[in-house]
1. Check whether at least one residue in the stretch 144-153 is at pLDDT below 95 and crowded, with 17+ Cβ neighbours inside 10 Å, and report yes or no.
2. Condition (residue is over 27 Å from residue 12 (Cβ atoms) and surrounded by 12 or more Cβ atoms within 10 Å (Cβ to Cβ)) applied to the stretch 65-72: is it met by at least one residue?
3. Quick check on my filter: what residues within the stretch 100-122 are in contact with a helix residue (DSSP H, G or I) (Cβ under 7 Å, 6 or more places away or on another chain) and over 25 Å from residue 52 (Cβ atoms)?
4. Given the conditions (1) part of a loop (DSSP other than H, G, I, E, B); (2) free of Cβ contacts under 8 Å to residues at least 40 places away in the same chain; (3) touching a helix residue (DSSP H, G or I) at 6+ places or on another chain (Cβ under 9 Å), report the number of the one that residue 97 does not fulfil.
5. Quick check on the stretch 18-57: of everything there that is farther than 20 Å from residue 119 by Cβ and touching a strand residue (DSSP E or B) at 6+ places or on another chain (Cβ under 8 Å), which residue is surrounded by the fewest Cβ atoms within 10 Å (Cβ to Cβ)?
6. If you scan the stretch 39-59, which residues turn out to be modelled with pLDDT of 95 or more and assigned to a loop (DSSP other than H, G, I, E, B)?
7. What is the one condition in (1) in a helix (DSSP H, G or I); (2) in contact with a helix residue (DSSP H, G or I) (Cβ under 7 Å, 6 or more places away or on another chain) that residue 67 does not satisfy?
């Protein structure tokens with residue numbers, strides 16, 4: 001797929017559809033806010049999940065976004081673990097057989113997980129450039145049963 005990603009229909013409506021292209025009236029509208037982490041995540045990954053959910057704008061992530069957030073959280077955890085190993089052993093290490101300098105084997109893991117994190121972050125609206133394209137709102141901002149729905153209410157009212 002080439003070119004810029006298509007803009008969601010609701011953003012075109014807000015901006016007045018400047019390109020005057022036909023609007024997708026059948027665009028899916030995901031329901032239900034994303035809350036609980038999958039049970040199989042590690043404790044560190046669940047903490048990352050909670051951090052992402054509690055710091056994302058209310059109503060941004062829906063249950064349908066679970067896979068993208070899971071990819072982000074797992075990649076973030078693997079990136080952290082590999083970064084700690086690179087910090088411990090350095091960028092260059094010696095091979096076990098010949099003792100010659102070589103790149104730390106954890107370094108490609110750091111780099112690959114960073115790529116995955118950045119790609120997932122852009123899809124979720126976590127990066128500064130993707131955040132500028134996101135609009136959140138609607139009538140169902142604080143559904144019952146969402147333990148993250150009222151987060152920061154005291155901070156917003158201050």
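The values are calculated or read from the model by the stated rules, or taken from the named source; none is laboratory data. Because the structure is predicted, anything quoted here is derived from the model rather than measured. So basically every Cβ, Gly included, is an ideal-geometry build from the backbone, and we count neighbours across all protein chains shown.
1. Yes: the stretch 144-153 contains one or more residues that are at pLDDT below 95 and crowded, with 17+ Cβ neighbours inside 10 Å.
2. Initially, the stretch 65-72 is screened for residues over 27 Å from residue 12 (Cβ atoms), giving 70-71.
Now restrict to residues that are surrounded by 12 or more Cβ atoms within 10 Å (Cβ to Cβ): 70-71.
Among the residues of the stretch 65-72, at least one is over 27 Å from residue 12 (Cβ atoms) and surrounded by 12 or more Cβ atoms within 10 Å (Cβ to Cβ), which makes the answer yes.
3. Pass one, the stretch 100-122, residues in contact with a helix residue (DSSP H, G or I) (Cβ under 7 Å, 6 or more places away or on another chain): 104, 106-107, 109-110, 113-114, 116-117, 120-122.
Passing the criteria: 104, 107.
4. (3)
5. The residue in question is 31.
6. Of everything in the stretch 39-59, those that are modelled with pLDDT of 95 or more and assigned to a loop (DSSP other than H, G, I, E, B) turn out to be 39, 40, 41, 42.
7. Result: residue 67 fails condition (2) only.
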